[in-house]
Amino acid sequence: MSIFWIKIIASISMLLDHTGMILFPDVLWLRILGRVALPLYALCIAEGFRHTRSRGKYFLRIFILGVLCQIVYDFVSTDVYLGILITFSLSIVLLTLIDALICACKEQKNPVTDLLEKLLKRSLSRPVRITLCAILLTLASGGILALNHFFTVDYGLTGILLPVLIYLGGSSRGGKFGGAAAGTAMLACNLEGAPTPRIWSLLALAPLALYNGEPGKYKLKYFFYVFYPAHLVLLYGIAMLTMLLRQ
C-alpha cells in the first residue's frame, strides 16, 4: 500500500471523525472509525519530513495550514485549542533538531549546524556542534512541554511524539512499522481527554502494516493540503446553517 492510499484512508477516517464530532455527536461508530486517522497522518508527516527537498518549506506549509485551520476553530469555539496541524508542526521542530543532533554525532552536514556556523561566522568542531544541537533540542522540548501545559494541544505530547517515533524507526519497512506500532500503542493507552476510547487507534495498524514505502502512482499533493481546512469549513457551515434553521 503506497503513501497515496494511506492518505486516502486517513482523509476518509478524519472526515468521518469530524462529521461525528460536529454534526452527529451521539453516533459513536463515526468517532471509532475516526481514531484511525492520527497514526496514518503521523506516518505521512514522518515520511514527508524524510523525503522533502526543503524541510523549512515543509514546516511552513504545515504550520501556515495549521494557522488557517486555527482561524476556523477560533471562530466557532471560545476554547483555546491548538489543532492537529499545530501538533504536527511541533513534531517537525523536534524532528529537525533530533536529525541535526544525529548528523552532528556522525559528522555529517545539516541545515541547522550550517545555519549556526553562518550566524557565529566560524567553523564549529564536532563536540561544539553536538553541544549546541543538544542545547537547542533541550530548549525546544522544554518550550513544547510548557506550551502543552498552558494550552490544549490536540492529542498532547502523544500526538507530538508519534511522528518522531515513526521517523526514528528508520527507513526500512519493518522499522517504520515498529515505530508506528509503538506510537499507536502509546496513543491507545493514553485515555486522558479522549471523547472516544483511543484503543480504537489500533485499527490503524492494519494499513500501517501494509505500507510499502512507495509514493504511489497518484500524487494529488495540494488536494490533501486543501482538504483539511475545506472539510472543516463545510462541516461547521452545515452545523451553523442547521442551528439557524431550527430557530
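Simple point charges give the picture: +1 on the Cβ of Lys and Arg, -1 on the Cβ of Asp and Glu, and for region 96-168 a dipole about the Cα centre of about 380 debye.
Restricting to DSSP H runs of at least four residues, report the calculated mean residue ellipticity at 222 nm for the chain, -39500 (n - 2.57) per run over all residues, nearest 500 deg cm²/dmol.
On the way: 11 runs with 183 residues, N = 247.
Mean residue ellipticity at 222 nm (helix-derived): -24500 deg cm²/dmol.
What residue among ILE98, ILE71, ILE84 shows peak mean-square fluctuation when the chain is described by a Gaussian network model with Cα springs under 10 Å? Highest fluctuation of the listed residues: ILE71.
Strictly over 20 Å apart at the Cα level, which of LYS176/LYS221; LYS7/LYS176; LYS57/LYS106 would you flag in this model? Pairs exceeding 20 Å: LYS176/LYS221; LYS57/LYS106. Dipole orientation for the chain: of the candidates THR52, TYR73, LEU30, THR52 has the Cα lying most toward the positive pole (charges on Cβ; Lys, Arg +1; Asp, Glu -1). State, to one decimal in nm², a quarter of the convex hull surface area for the C-alpha atoms of region 1-99, i.e. the direction-averaged projected area. It is 7.2 nm². Taken one residue at a time, the phi angles of region 141-147 give Karplus couplings (6.51, -1.76, 1.60, θ = phi - 60°) of 4, x, x, 5, 4, 5, 4 Hz. Gly and Pro are set to x.
Springs join every pair of Cα atoms under 10 Å in this Gaussian network model of the chain, and among LEU202, LEU97, LEU120 the largest mean-square fluctuation is at LEU120.
Sorted from greatest to least, the principal axis extents spanned by the alpha carbons of region 101-200 come out as 53, 37, 16 Å. For region 82-94, the Karplus equation 6.51 cos²θ - 1.76 cosθ + 1.60, evaluated at θ = phi - 60°, returns couplings of 9, x, 5, 6, 5, 4, 5, 4, 5, 4, 5, 4, 4 Hz by residue, with Gly and Pro reported as x. In percent, rounded to a whole number, the relative contact order of region 3-246 is 28, using alpha-carbon pairs under 8 Å and six or more apart.
Compared with the dominant principal axis of the Cα atoms in the chain, helix 3-22 is inclined by about 50°. Rounded to the nearest 10 degrees, the angle from helix 55-76 to the longest Cα principal axis of the chain is 30 degrees.
Would you mind ranking THR19, THR113, THR138 by Cβ crowding within 10 Å, fewest neighbours first?
Details: THR19 18, THR113 22, THR138 11.
Least crowded to most crowded, the residues run THR138, THR19, THR113.
For VAL153, the residues whose amide H sits under 5 Å from its own are LEU82, ignoring neighbours fewer than 5 places away on the same chain, with H placed 1.01 Å from N. Counting only alpha carbon atoms, the long axis of helix 156-168 and the longest principal axis of the chain meet at about 50°.
Say a site is exposed when it is one of the trypsin sites (Lys or Arg not before Pro), sits in a DSSP loop, and has at most 16 other Cβ atoms within 10 Å; what is then the longest site-free stretch of the chain? Kindly include the intermediate steps, with their values, before the conclusion.
Numbers: sites that count: ARG53, LYS106, LYS109, LYS121, ARG122, LYS217, LYS219.
Within the chain, the longest run free of exposed trypsin sites (Lys or Arg not before Pro) spans 123-216.
Of LEU119, LEU95, LEU145, the residue with the greatest mean-square motion in the GNM of the chain, using alpha carbon springs below 10 Å, is LEU119. If you take the alpha carbon atoms of region 145-247 and fit the smallest convex hull around them, that volume is 165 Å³ per residue.
Size descriptors for region 3-246, from the alpha-carbon set: Rg then Dmax equal 19.0, 68 Å.
Laboratory data are not the source of any read-out in this text; all were calculated from the coordinates shown. Here the structure is a predicted model, which is why all the values come from computation and not from measurement. Counting neighbours? That spans all protein chains shown, and the Cβs are built from the backbone with ideal geometry, glycine included.
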